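Heads up: the structure comes next, in structure tokens.
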Amino acid sequence: MLYLRKIDEDQWKDKILHDAVSISDLKTSDNDISVWKDDGTPGLVNKLALAYSLTTGRITDLWCVDIPDNLLAGFSFNPAPSSTIFSSMQSLHTNIVVPTLYEMGELAEIIYNLIKEEKQIYISEQELKECFYNAIKADEISIDFNDKRFRQFRKPLAEIEKEKGKIDFSRLHNAKDVENNRVSCHTCKGKGFIKNVCINQQFLKN
Ligand SMILES: [Zn+2]
């Protein structure tokens, strides 16, 4: 297993070991460092980066490191699902526990060494947008584009739709875009699934 962590590359590159600036990139409010579980499945890194981006409210290029679990043998984890709207990624979120500055320093050293070995990963905005498009199309994202919180995601989707073709929202249960006159799933009207069954279908069954 690998643990994916988003980094601010500028704060690490060409710095000395345990540079205070680098360590400040490991922000924590509760002694937890947020990471995502990557089992090495091709394409998963981009999906996890998108899941993270969707929690920040913007899709933009980013850097990350994929930390092999053998380097983290001395650490404990505090598993907690993410609130990301990329539903299938929620359970892949966890936290590395850093109870004191010593663990924080150790983790910083691990990340520092990975970057020194040029193992940091760059993910472009285009890659994230394509991933967003594919995930919406696969009905893996619970999003209402009319909701104020998610309106800013209309633009990246529109840009990629220009290249790859319009998504048919009538096939989707988890995405809604009423203001753009897109018809959502006729059965649940874009209200989504409960236990993998369209709400309305479940209602009819009961
Ligand atoms: Zn439905």
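Among residues that are in the same structural domain as ALA138 (by TED's automatic domain parsing), at pLDDT 90 or above and either farther than 22 Å from SER53 by Cβ or near the ligand (Cβ under 10 Å from one of its atoms) (or both), SER184 is not included.
A quick yes/no check of all residues on (1) more than 20 Å from LYS119 (Cα to Cα); (2) part of a helix (DSSP H, G or I); (3) without any contact (Cβ under 8 Å) to a residue 60 or more places away in the chain:
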residue	(1), (2), (3)
ASP10	no, yes, yes
LYS15	no, no, no
THR28	yes, no, no
ILE33	no, no, no
TRP36	no, no, yes
PRO42	no, no, yes
LYS47	no, yes, no
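The number of residues in the stretch 88-111 that are under 16 Å from CYS131 (Cβ atoms) and surrounded by 19 or more Cβ atoms within 10 Å (Cβ to Cβ) comes to 2. Has the stretch 31-39 got at least one residue that is more than 19 Å from GLU109 (Cβ to Cβ) and surrounded by fewer than 12 Cβ atoms within 10 Å (Cβ to Cβ)? Yes: one or more hits. Take the conditions (1) surrounded by fewer than 18 Cβ atoms within 10 Å (Cβ to Cβ); (2) modelled with pLDDT of 90 or more; (3) part of a helix (DSSP H, G or I); PHE203 misses just one of them, which is (2).
Going through (1) surrounded by fewer than 16 Cβ atoms within 10 Å (Cβ to Cβ); (2) touching a residue at least 60 places away in the same chain (Cβ under 8 Å); (3) small (Gly, Ala, Ser) one by one, SER53 falls short only on (1). Pairs are defined by a Cβ separation below 7 Å, a sequence spacing of at least 6 or placement on different chains, a first member in the stretch 155-171 that is loosely packed, with under 13 Cβ neighbours inside 10 Å, and a second member that is of a type in the set (Gly, Ala, Ser); the pairs so defined are SER170/SER184.
The values are calculated or read from the model by the stated rules, or taken from the named source; none is laboratory data. The structure presented is a predicted model; accordingly, all values stated were derived computationally and were not measured. Neighbour counts are summed over all protein chains in view; Cβ atoms, including those assigned to glycine, are modelled from backbone coordinates with ideal geometry.
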